[in-house]
Amino acid sequence: MYYNVNHDAELGKGNEVMIKVQNLCKSYKNGRVLSDINLHVQRGEIFGIVGQSGAGKSTLLRCINGLETFESGKAIVNDTDISQLNETAMRGFRRKIGMIFQNFALLNRKTVVDNVMLPMECWHYPPVAMRKKAEELLALVGLTDKLNSLPHELSGGQKQRVAIARALTLEPDILLCDEATSALDPAITQSILELLRDVNRQMGITILMVTHDMAVIKTICKRMAIITGNRIATTGRVSDVFLAEPAELRELVGHKEIYAPAGRSLLRVALRESVGGPAALYELFAFLKGDFSIVSADIEQFEAESYGLLYLHVAAEQLEQTVLCCKQHGIECSAYSPDSPVGGMADVF
Amino acid sequence: MFFNFSNTRLLEYLPEIILPAIGSTLVMLFFSMVLGFVIGTVVAVVLVTTSPFGLKPNSRIYKTVGFSVNMIRSFPVIILIVAISPLTRALVGTSIGEKAAIVPLTLAAFPVIARYMEASLLEVDRNVILAARSFGASNSQIMFKVLFSEALPSIVSGLTTTTILFLASTTLAGAVGAGGLGAVALTFGYQRFDDVMMYAIVIILFVMVLAIQGIGELIYKKVKE
């Protein structure tokens with residue numbers, strides 16, 4: 001099943017492309033890691049790449065800032081074709097791309113402020129300016145009181161904040177996040193994601209994140225891509241991908257098999273606040289007159305718009321009428337015959 | 001009786017033989033360690049840079065340097081001293097005495113120091129290197145601002161071990177004309193059947209080992225902080 005929400009059309013006028021990857025292929029000695037990757041990331045957006053471990057996500061990220069080379073295809077980042085860069089030009093190019101990692105990658109023997117100053121030191125900033133910038137950024141990430149702490153005295157979330165401050169010192173245009181929240185617990189993950197969102201909004205930095213965690217993508221990304229088997233299987237708006245539930249996504253988040261008992265039918269309802277919204281759902285429930293049960297419901301919210309996926313059991317003989325009612329009110333739905341699980345079976349309608 | 005106390009000349013020799021011997025042992029050790037450290041650092045940088053996982057992999061240089069280092073390491077110190085005596089004479093004008101011993105000791109020490117240092121540098125988290133490259137650090141900046149900085153405690157403990165190892169080597173050098181505590185223990189102790197003299201020097205060496213270890217640990221703690 002190949003699903004693509006016409007993302008080239010979405011890149012309409014006024015949307016500058018920040019990262020453009022075309023037909024990129026890469027192999028290691030023991031085989032392909034990336035096949036025919038195509039990707040467009042707009043200036044100023046937060047884009048998420050999700051996939052299982054070993055799918056090639058991190059390698060793709062490293063191809064984008066030239067930490068890895070690739071055999072064929074193109075990567076044009078910030079109007080620079082990176083395969084054309086020599087070593088010196090590559091260093092200058094990387095200066096404008098920050099990167100953070102799963103294990104934070106801080107220098108254990110340097111204090112927080114020295115860690116943050118390191119990139120500026122490498123680019124020979126004057127010491128006073130360096131210190132000032134580091135303190136400003138540490139204030140931004142909320143670590144003013146930890147300037148002289150050593151990394152081992154910090155919690156995981158604080159370490160990632162230091163790493164974010166360090167990645168911002170050279171005023172990058174792009175921030176690459178390589179499983180940046182995967183080592184953190186859920187509450188800390190949320191706070192780091194909020195920080196990244198602030199960074200994106202306040203500084204206009206384009207963020208490209210790679211993760212295996214769909215929840216992270218749903219929290220802050222507008223658009224996403226799924227990588228499976230070394231290629232991009234799906235690209236599109238997060239809400240579209242979530243509501244369409246392509247096979248790659250089901251594979252990623254785990255298979256949830258839902259059956260309908262005898263005499264009942266399973267109805268899958270995709271809701272968008274912009275199309276019908278709560279009023280439409282009310283109409284549907286009113287039509288069913290209480291003769292339904294909710295098997296599963298996933299409601300998500302992104303930038304004040306909520307969307308969700310509902311699975312309902314309805315009376316089998318009422319199914320056809322219910323589907324019609326949904327269509328009337330602009331609700332996307334699909335129905336499944338009794339006793340067949342969701343996923344890989346024929347739709348009834 | 002195990003010890004023969006009857007005719008020891010320990011006290012007689014203490015000021016004119018033993019104290020100067022302590023001095024020359026320290027001179028040999030100090031200079032061979034400093035020179036070995038300087039050359040060893042250069043070799044370690046070359047090895048780490050050119051290794052297959054290095055900043056600029058170059059298997060030809062890596063294999064050549066690695067092979068040379070291993071070859072020198074395979075010489076027992078006492079053989080090395082004798083074998084390179086023409087070189088020693090060419091460099092310092094003589095092949096006898098503590099000054100002459102510094103040449104073979106340095107030659108024996110730098111491969112050991114280089115290998116210890118290489119191991120310490122390779123231990124540094126690969127992601128830290130990746131992070132440094134991601135903000136555009138040059139290879140030399142990564143080497144000195146990141147790798148050496150992070151590996152310092154481990155390098156210090158490697159150097160402590162090496163220094164103690166080469167304290168023993170200076171005494172071996174004493175057997176082939178280097179002077180120092182080893183020579184005194186052999187000629188004035190062992191060969192003259194003056195057990196007290198011999199064991200007194202063993203004790204002096206033991207105290208020196210403790211001191212080196214103590215200083216090493218002190219520096220380690222300082223840099224680990």
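The values are calculated or read from the model by the stated rules, or taken from the named source; none is laboratory data. Worth saying up front: this structure is predicted, and the values here are computed from it rather than measured. Neighbour counts are summed over all protein chains in view; Cβ atoms, including those assigned to glycine, are modelled from backbone coordinates with ideal geometry.
Overview of values
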item	result
Residue in segment A:45-63 that is hydroxyl-bearing (Ser, Thr, Tyr) and within 14 Å of chain B (Cβ to nearest Cβ) present	yes
Residue identified as in a helix (DSSP H, G or I) and either within 27 Å of residue B:209 (Cα to Cα) or facing chain A (nearest Cβ under 10 Å) (or both) among B:91, B:152	B:152
Count - residues of segment A:300-319 that are under 15 Å from residue A:223 (Cα atoms) and loosely packed, with under 14 Cβ neighbours inside 10 Å	3
Residue match in segment B:157-179 (condition: within 14 Å of chain A (Cβ to nearest Cβ), touching a residue at least 60 places away in the same chain (Cβ under 8 Å) and aliphatic (A, V, I, L, M))	no
Helices (runs of 4 or more DSSP H) completely within segment A:98-174 that count 2 or more residues being in contact with a Lys or Arg (Cβ under 7 Å, 6 or more places away or on another chain) and either among the polar types (S, T, N, Q) or surrounded by 18 or more Cβ atoms within 10 Å (Cβ to Cβ) (or both)	A:112-122
Out of B:55, B:47, B:87, B:91, sole residue that is over 17 Å from residue B:174 (Cβ atoms), aliphatic (A, V, I, L, M) and at pLDDT 95 or above	B:47
Candidates B:118, B:123 - the one that is more than 30 Å from residue A:176 (Cβ to Cβ) and of a type in the set (Asp, Glu)	B:118
Flag if residue A:58 is buried (at least 21 other Cβ atoms within 10 Å of the Cβ) and in contact with a strand residue (DSSP E or B) (Cβ under 6 Å, 6 or more places away or on another chain)	yes
Residue A:260 being of a type in the set (A, V, I, L, M), closer than 16 Å to residue A:305 by Cα and buried (at least 19 other Cβ atoms within 10 Å of the Cβ)	no
Test result for residue B:35, surrounded by fewer than 21 Cβ atoms within 10 Å (Cβ to Cβ) and either free of Cβ contacts under 8 Å to residues at least 60 places away in the same chain or of a type in the set (D, E, K, R) (or both)	no
Residue match in segment A:61-82 (condition: part of a helix (DSSP H, G or I) and more than 21 Å from residue B:128 (Cα to Cα))	yes
Which numbered condition residue B:97 misses (of (1) under 26 Å from residue A:177 (Cα atoms); (2) away from chain A (no Cβ under 14 Å); (3) not aromatic (Phe, Trp, Tyr))	(1)
Leading residue by the ranking (surrounded by the most Cβ atoms within 10 Å (Cβ to Cβ)) among those in segment B:161-177 that are at pLDDT 90 or above and not polar (S, T, N, Q)	B:166
Residue within segment B:47-57 that is among the small types (Gly, Ala, Ser) and either surrounded by fewer than 18 Cβ atoms within 10 Å (Cβ to Cβ) or under 22 Å from the mean Cα position of the chain (by Cα) (or both) present	no
Residues satisfying the stated conditions in segment A:104-148, i.e. within 12 Å of another protein chain (Cβ to nearest Cβ) and within 18 Å of residue A:195 (Cβ to Cβ)	A:104, A:105, A:106, A:115, A:116
Selection count where residues are touching a residue at least 60 places away in the same chain (Cβ under 8 Å) and either more than 18 Å from residue A:199 (Cβ to Cβ) or among the aliphatic types (A, V, I, L, M) (or both), scope segment A:149-163	1
Flag if residue A:225 is of a type outside the set (Asp, Glu) and within 14 Å of the chain's Cα centre (by Cα)	yes
Single residue of segment A:84-97 satisfying the filter (farther than 30 Å from residue A:189 by Cα and surrounded by 15 or more Cβ atoms within 10 Å (Cβ to Cβ)) that is nearest to the other protein chains (Cβ to nearest Cβ)	A:91
Residue within segment B:71-86 that is basic (Lys, Arg), surrounded by fewer than 16 Cβ atoms within 10 Å (Cβ to Cβ) and under 14 Å from the mean Cα position of the chain (by Cα) present	yes
Restricting segment B:117-135 to residues that are touching a residue at least 24 places away in the same chain (Cβ under 8 Å), within 11 Å of another protein chain (Cβ to nearest Cβ) and of a type in the set (A, V, I, L, M), the residue that is nearest to residue B:33 (Cα to Cα)	B:124
Those residues of segment B:136-149 which are more than 8 Å from chain A (Cβ to nearest Cβ), free of Cβ contacts under 8 Å to residues at least 60 places away in the same chain and not polar (S, T, N, Q), in sequence order	B:144, B:148
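Here's the yes/no breakdown for (1) closer than 22 Å to residue A:306 by Cα; (2) modelled with pLDDT of 95 or more:
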site: A:159; (1), (2): no, yes
site: A:163; (1), (2): no, yes
site: A:196; (1), (2): yes, yes
site: A:216; (1), (2): yes, no
site: A:220; (1), (2): yes, no
